[in-house]
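K.L.:
The structure that follows is given in the form of structure tokens.
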Amino acid sequence: MWLLFALPAIAVYTAFMAFPVVNSMRLSFFSGSGYSLDNFVGFDNYVRLFADPEISSRFWCAFRNNWVFFGITMLVQNSFGLLFALILTGKPLAGKGFFRTVIFIPVTLSVLVTGYIWKLILNPQWGALNLFLAKVGLQSLALPWLGDPRTALAVVTLVSAWQWVGMPTMMFIAGLERIPEDLFESAQIDGAGVWRVFAQVKLPLLMPIVGIVTVLTFVGNFNAFDVVYAMEGANGPPSYSTDLMGTFFYRTGIAGQHPVGIPDMGLGAAVATVTFVVLFAGILLANRLTGERVAGAAGAKGRE
Amino acid sequence: MAKHGVRDRSAPLKYLVLGFWSLLVIFPLWTMVVNSFKFKNDIYLDPFGPPMRVNLEGYKTVFENSPFPRYFLNSFAVTVISLALILFLGSLAAYACVRWNSRASRWIYLFFVAGLTVPIKIGSVNLMQIMIGLGLLDKTASVVPVYVAMGLPIAVYALYEFIRGLPNELTEAALIDGTGPFRIYRSIVMPLVKPALATVAIFNLVPIWNDLWFPLIFIRKDDQRTLILGVTRLFGEYQTDWSKILAVLSLSCVPVIILYLAMAKQFIAGLTAGAVKG
């Protein structure tokens, strides 16, 4: 009887999520033409992914870029998130509600749309940023930020951080609000300054949240696709400097590589499986380090 | 710990940080909206100020002579249907998992919760094949079952916790009266879990409305596109029609911004919900 209640949900969830995820891993051992994969090839796709000079160089490039993406995000987005949270939970400040609302606005917007907006702003010829820089006499900084392989990835990462900083901010706020007031009071009576209260009282108690934020960022970053697609394109230009696991997967498994345009779905499934293994290893490591059960949080951001 | 009268000496610095960031958030959105009402030359002359002369051409072309109203309706239908199915199927399953005391129900619950950890994108290759097999490729409807599957883990997880927290007496009294379990679900459990349903709805609303990935890989046919997929065409076709490009970009995010500003608290709670519980 109860099974009947749960059955529709189980059916949809199994058919369109659980099964395809598992089956895609199985398909990484197959090859075929077009959309049907019927030829068992063992580890052939993985051998090509790691040993074929052309494919593996693209793979390692995307993999490396993704770590840079993650590193800058942790450094910029999550420290800003922590800073905002500390300010917004600290001493009374007029307009807290307003700032909270504004910081979170971009989280609700489509990554594609914000990517386009920033692409327009950053346009070297007539973009608002360079017009603004020229107006305030900083002409020398008016550069093609998205066209230079040395800056493109960092700029894309900053736009992504601009969009998502509201998530860590709100999570840190929730964490900070749960710390009992008397802990601060006793620390303050002991004469501890703002910095010591932060380092010795707040930060240690926030460690579980730091763990969750790290895992969410990690999963989100290794699934990122939209921001690069909007700002630079599916090829990760200029010269693959913004290519990530997401765009690499899209080209190999879904859209097909230029100039052929036919997807290599077996190889794509192998890329997806490798991504999954990386994510899984990362989550396990984070669990070890923070000693918290944070796995449940991962899916939340993995779909952006 | 209200310390009235004590001046916070760090306040100016705090306002500087928060004010700078607020500008950084508002400025791009402001530029987008004001420039969508300007003539092309006026954009170059004064890209940041409000429009000197209002130009509605961009909006007019979008509404009268473009596929965007169609895309908007497609997205609207996809979002509403997916959310309705997530809430209905998810609450049924959660209710069953709570009331059904057996090892099987425990496993079913864990099966759903396991889905919280796995990004569904990993299964894209096989999902493509499934859509081809079902004849859904190139149809707007193709994304619905995927969104429902992707929303069910959080729905079951959140609603399970919530329903389990309800006092048992409420349903037991009805059971003794001989009320069937579906009636109990519909007339007793559902009204009580409304707040949790709202959280689950918002949590899923934003990613579904904003999703690019699945429409991009499933749908190529023009009239089947969702709004966000439609936006990807902007730069190819209307290369120089700025008022149109900006009108479309504004239209695609202003509804969400208004909805968000009207219910900021619920949005923030909903979107961070899955994360904070951990």
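The values are calculated or read from the model by the stated rules, or taken from the named source; none is laboratory data. Only a predicted model underlies this, so the values are computations on that prediction, with no experimental measurement involved. Heads up, the Cβs are rebuilt from the backbone with ideal geometry, glycines too, and the neighbour counts pull from every protein chain shown.
K.L.:
Of the residues that make up segment B:206-215, is at least one outside any helix (DSSP H, G or I), facing chain A (nearest Cβ under 10 Å) and under 14 Å from the mean Cα position of the chain (by Cα)? Walk me through how you get there before you give the answer.
P.N.:
Residues of segment B:206-215 outside any helix (DSSP H, G or I): B:211-212.
Still in the list and also facing chain A (nearest Cβ under 10 Å): B:211-212.
Now restrict to residues that are under 14 Å from the mean Cα position of the chain (by Cα): B:211-212.
Checking segment B:206-215: at least one residue is outside any helix (DSSP H, G or I), facing chain A (nearest Cβ under 10 Å) and under 14 Å from the mean Cα position of the chain (by Cα).
K.L.:
In segment B:47-72, what residues are small (Gly, Ala, Ser) and surrounded by fewer than 14 Cβ atoms within 10 Å (Cβ to Cβ)? Even if it seems obvious, please write down each step before you answer.
P.N.:
Taking segment B:47-72 first, the residues small (Gly, Ala, Ser) are B:49, B:58, B:66.
Of everything in segment B:47-72, just one residue is small (Gly, Ala, Ser) and surrounded by fewer than 14 Cβ atoms within 10 Å (Cβ to Cβ), namely B:Gly49.
K.L.:
I'd like to verify a number: residues in segment B:216-232 that are surrounded by fewer than 21 Cβ atoms within 10 Å (Cβ to Cβ) and within 13 Å of another protein chain (Cβ to nearest Cβ), how many?
P.N.:
Within segment B:216-232, the subset surrounded by fewer than 21 Cβ atoms within 10 Å (Cβ to Cβ) is B:220-224, B:232.
Then keep just the ones that are within 13 Å of another protein chain (Cβ to nearest Cβ); that gives B:220, B:232.
Final tally of qualifying residues: 2.
K.L.:
I would also like to ask the following. Under 22 Å from A:Thr214 (Cα atoms), free of Cβ contacts under 8 Å to residues at least 60 places away in the same chain and out of contact with any Asp or Glu (no Cβ under 9 Å at 6 or more places or on another chain), is that true of A:Gly71? So that I can check it myself, show each step before the final result.
P.N.:
Numbers: under 22 Å from A:Thr214 (Cα atoms): yes; free of Cβ contacts under 8 Å to residues at least 60 places away in the same chain: yes; out of contact with any Asp or Glu (no Cβ under 9 Å at 6 or more places or on another chain): yes.
So A:Gly71 fits the description; yes.
K.L.:
From the residues in segment A:257-282 that are within 14 Å of B:Ser124 (Cα to Cα) and assigned to a loop (DSSP other than H, G, I, E, B), which one is farthest from the other protein chains (Cβ to nearest Cβ)?
P.N.:
A:Asp264
K.L.:
Taking the options B:Gly123, B:Gly133, name whichever one is crowded, with 23+ Cβ neighbours inside 10 Å and in a helix (DSSP H, G or I).
P.N.:
Details: B:Gly133 fails: crowded, with 23+ Cβ neighbours inside 10 Å.
On inspection, the qualifying residue turns out to be B:Gly123.
K.L.:
Select from segment B:219-252 the residues that are of a type in the set (S, T, N, Q) and part of a helix (DSSP H, G or I) and write down the one among them that is modelled with the lowest pLDDT. Walk me through it before giving the result.
P.N.:
At the first step, the residues of segment B:219-252 found to be of a type in the set (S, T, N, Q) are B:224, B:226, B:232, B:239-240, B:243, B:250, B:252.
Right, trim to part of a helix (DSSP H, G or I) and you get B:224, B:243, B:250, B:252.
Numbers: B:Gln224: 96, B:Ser243: 83, B:Ser250: 93, B:Ser252: 90.
That would be B:Ser243.
K.L.:
Would a scan of segment B:73-93 turn up a residue that is surrounded by fewer than 22 Cβ atoms within 10 Å (Cβ to Cβ) and aromatic (Phe, Trp, Tyr)?
P.N.:
Checked segment B:73-93: at least one residue is surrounded by fewer than 22 Cβ atoms within 10 Å (Cβ to Cβ) and aromatic (Phe, Trp, Tyr).
K.L.:
So which of B:Ile176, B:Ile154, B:Ile163 ends up being of a type in the set (A, V, I, L, M) and within 29 Å of A:Val277 (Cα to Cα)? Show your work before the answer.
P.N.:
Values: B:Ile176 fails: within 29 Å of A:Val277 (Cα to Cα); B:Ile163 fails: within 29 Å of A:Val277 (Cα to Cα).
Unique residue meeting the criteria: B:Ile154.
K.L.:
Given the criterion away from every other protein chain (no Cβ under 11 Å), in a helix (DSSP H, G or I) and in contact with a helix residue (DSSP H, G or I) (Cβ under 6 Å, 6 or more places away or on another chain), identify the matching residue among B:Ala174, B:Ala198.
P.N.:
Numbers: B:Ala198 fails: in contact with a helix residue (DSSP H, G or I) (Cβ under 6 Å, 6 or more places away or on another chain).
Only one candidate qualifies: B:Ala174.
Yes or no, residue by residue, for (1) among the aromatic types (Phe, Trp, Tyr); (2) part of a helix (DSSP H, G or I); (3) farther than 30 Å from B:Ile245 by Cα; (4) within 7 Å of another protein chain (Cβ to nearest Cβ):
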{"position": "A:Asn78", "(1), (2), (3), (4)": "no, yes, yes, no"}
{"position": "A:Gly81", "(1), (2), (3), (4)": "no, yes, yes, no"}
{"position": "A:Val102", "(1), (2), (3), (4)": "no, yes, no, yes"}
{"position": "A:Gly147", "(1), (2), (3), (4)": "no, no, no, no"}
{"position": "A:Gln163", "(1), (2), (3), (4)": "no, yes, no, no"}
{"position": "A:Phe172", "(1), (2), (3), (4)": "yes, yes, yes, no"}
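K.L.:
Going by the conditions given, is A:Phe19 surrounded by fewer than 19 Cβ atoms within 10 Å (Cβ to Cβ), without any contact (Cβ under 8 Å) to a residue 60 or more places away in the chain and either in contact with a Gly (Cβ under 6 Å, 6 or more places away or on another chain) or within 14 Å of chain B (Cβ to nearest Cβ) (or both)?
P.N.:
Numbers: surrounded by fewer than 19 Cβ atoms within 10 Å (Cβ to Cβ): yes; without any contact (Cβ under 8 Å) to a residue 60 or more places away in the chain: yes; either in contact with a Gly (Cβ under 6 Å, 6 or more places away or on another chain) or within 14 Å of chain B (Cβ to nearest Cβ) (or both): yes.
Considered against the rule, which asks whether it is surrounded by fewer than 19 Cβ atoms within 10 Å (Cβ to Cβ), without any contact (Cβ under 8 Å) to a residue 60 or more places away in the chain and either in contact with a Gly (Cβ under 6 Å, 6 or more places away or on another chain) or within 14 Å of chain B (Cβ to nearest Cβ) (or both), A:Phe19 comes out as yes.
K.L.:
Same structure, new question: Assuming A:Leu93 fulfils every condition listed in (1) at pLDDT below 95; (2) closer than 30 Å to A:Leu158 by Cβ; (3) away from chain B (no Cβ under 14 Å) apart from one, which condition is it?
P.N.:
A:Leu93 satisfies all of (1) at pLDDT below 95; (2) closer than 30 Å to A:Leu158 by Cβ; (3) away from chain B (no Cβ under 14 Å) except (3).
K.L.:
Within segment A:114-132, restricting attention to residues that are facing another protein chain (nearest Cβ under 7 Å) and in contact (Cβ under 8 Å) with a residue 40 or more places away in the chain, which residue is farthest from A:Gly81 (Cα to Cα)? Give the derivation first.
P.N.:
If we filter segment A:114-132 for residues that are facing another protein chain (nearest Cβ under 7 Å), which is where we start, we get A:116-118, A:121, A:126, A:128, A:131.
Applying the additional criterion that residues be in contact (Cβ under 8 Å) with a residue 40 or more places away in the chain yields A:116, A:118.
Numbers: A:Tyr116: 24, A:Trp118: 21 Å.
Taking the candidates together, the pick is A:Tyr116.
K.L.:
Answer yes or no as to whether B:Leu73 is at pLDDT 90 or above and closer than 30 Å to A:Pro180 by Cα.
P.N.:
On the way: at pLDDT 90 or above: yes; closer than 30 Å to A:Pro180 by Cα: no.
Here the answer is no, as B:Leu73 does not meet what is asked.
K.L.:
Assess whether A:Phe50 counts as being facing another protein chain (nearest Cβ under 8 Å), on the phi < 0 side of the Ramachandran plot and free of Cβ contacts under 8 Å to residues at least 12 places away in the same chain. Walk me through how you get there before you give the answer.
P.N.:
Working: facing another protein chain (nearest Cβ under 8 Å): no; on the phi < 0 side of the Ramachandran plot: yes; free of Cβ contacts under 8 Å to residues at least 12 places away in the same chain: yes.
So A:Phe50 fails the test.
K.L.:
Quick one: would you say A:Val194 is over 29 Å from A:Ala281 (Cα atoms), free of Cβ contacts under 8 Å to residues at least 60 places away in the same chain and within 11 Å of chain B (Cβ to nearest Cβ)? Break it down into steps so the answer makes sense when it comes.
P.N.:
Numbers: over 29 Å from A:Ala281 (Cα atoms): yes; free of Cβ contacts under 8 Å to residues at least 60 places away in the same chain: yes; within 11 Å of chain B (Cβ to nearest Cβ): yes.
Spelling it out, A:Val194 is indeed over 29 Å from A:Ala281 (Cα atoms), free of Cβ contacts under 8 Å to residues at least 60 places away in the same chain and within 11 Å of chain B (Cβ to nearest Cβ).
K.L.:
I'd like to know if segment A:134-155 contains one or more residues that are crowded, with 22+ Cβ neighbours inside 10 Å and of a type in the set (Val, Ile, Thr).
P.N.:
So far as segment A:134-155 goes, no, none of its residues is crowded, with 22+ Cβ neighbours inside 10 Å and of a type in the set (Val, Ile, Thr).
K.L.:
When you look at A:Pro204, is it without any contact (Cβ under 8 Å) to a residue 24 or more places away in the chain, in a helix (DSSP H, G or I) and under 19 Å from A:Met171 (Cβ atoms), yes or no?
P.N.:
Numbers: without any contact (Cβ under 8 Å) to a residue 24 or more places away in the chain: yes; in a helix (DSSP H, G or I): yes; under 19 Å from A:Met171 (Cβ atoms): yes.
Criteria met by A:Pro204.
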